[in-house]
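The values are calculated or read from the model by the stated rules, or taken from the named source; none is laboratory data. This structure is a prediction, so every number in the text was calculated from the model and none was measured. Glycine also receives a Cβ, built like all others from the backbone with ideal geometry; neighbour counts cover every protein chain displayed. Just so you know, the surface numbers come from the protein's heavy atoms only, side chains and all, with ligands and any DNA or RNA stripped out. Shrake-Rupley method; radii C 1.70, N 1.55, O 1.52, S 1.80 Å.
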Amino acid sequence: MLVYHGTTMEIQQPKIISNEIGRDFGFAFYTTDIREQAERWAVRRAKIQTRISGKPQKAVVNIYNWNESHTLNEKAFSGASMDWLDMVVQCRSNIDFCHGYDIVIGKIANDNVGETVSYVVQGIMRKEDAVERLKFEKINNQIAFCTDASLSELTFVKSYIVEV
């Protein structure tokens, strides 16, 4: 299966990203199976990095072949469920939380979804109400490779530049 990672550089050897707090499934190398989504990520990242550095940055999509062995500990969420929300809340609010999965597959808490998740984290909204609210959101996919063992299932195919 092909998966995509949008960023500002070619990444032939993926690594766990452990410096970005507040990720949906914790520290991991994040990909998607939706090419257009990776392109949006790349453009967004390039714009942010251009603003920070003051120098134009390229939007790059990396493509990997995921050789699924099915021997690793995987967790797949089918949608915005109570289990999914519990994990996202734990990962976003507790830097020491470790879910114990090699790969986590599920929906992305984008800006609209992220707002709902933050209400739960802050105790403003009940989880049950949040899950009901999220059923109406169009939520994209993400595949988080959370361990070195999971990264070994990825083979770099190629990268390409997206117009910013």
Checklist entry - Counting only protein chains, not ligands or nucleic acids, how are E68, E128 ordered by accessible area (probe 1.4 Å), most first? => result E128, E68
Next on the checklist: Out of all DSSP beta bridges in the chain, what portion is antiparallel? Express it as a percent rounded to 5.
Outcome noted: 90
Checklist outcome for this item: The extension gain from N140 to R44, computed as 0.36 nm times the residue separation minus the Cα-Cα distance, is 33.0 nm
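Accessible area per residue for the range 56-164 in Å², computed with a 1.4 Å probe and the full protein assembly in place, what is it? Write down the numbers at each step before the final one.
Numbers: 5860 Å² over 109 residues.
About 54 Å² of surface per residue is accessible.
Within the chain, what whole-number % of the accessible surface is contributed by carbon and sulfur, with the 1.4 Å probe and all protein chains included in the calculation?
The C+S portion of the solvent-accessible surface of the chain is 49 percent.
So how do L2, L85, L72 rank on accessible area, 1.4 Å probe, biggest first, that is with the largest at the start? Before the final figure, lay out the partial values.
On the way: L2 80, L85 0, L72 40 Å².
Most to least solvent-accessible, the answer reads L2, L72, L85.
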Item to check | Order by protection proxy (mean Cβ within 10 Å, highest first), peptides 143-153, 48-58, 6-16 | outcome: 143-153, 6-16, 48-58
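Looking only at Cα atoms, what is the convex hull volume of the range 60-164 per residue, in Å³?
Values: hull volume 13.3 nm³, N = 105.
Dividing the Cα hull volume of the range 60-164 by its residue count gives 126 Å³.
By average Cβ neighbour count within 10 Å, what is the ranking of 31-37, 73-79 from highest down? Numbers along the way, then the final one.
On the way: 31-37: 17.7, 73-79: 13.7.
Top of the packing list down: 31-37, 73-79.
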Checklist entry - Using a simple charge model, +1 on the beta-carbon of Lys and Arg, -1 on the beta-carbon of Asp and Glu, nothing else, what dipole does the range 4-153 show about its Cα centre, in debye to the nearest 20? => result 720
Checklist entry - With axes computed from alpha carbons, what is the tilt in degrees of helix 111-121 against the longest principal axis of the chain, rounded to the nearest 10 within 0 to 90? => result 40
Item to check | Per-residue [θ]222 nm for the chain (sum of -39500 (n - 2.57) over DSSP H runs n ≥ 4, rounded to 500) | outcome: -10000 deg cm²/dmol
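Please list the equivalent ellipsoid semi-axes of the range 1-111, computed as the square roots of five times the alpha-carbon gyration tensor eigenvalues, in descending order and whole angstrom.
Three semi-axes, in Å: 25, 18, 13.
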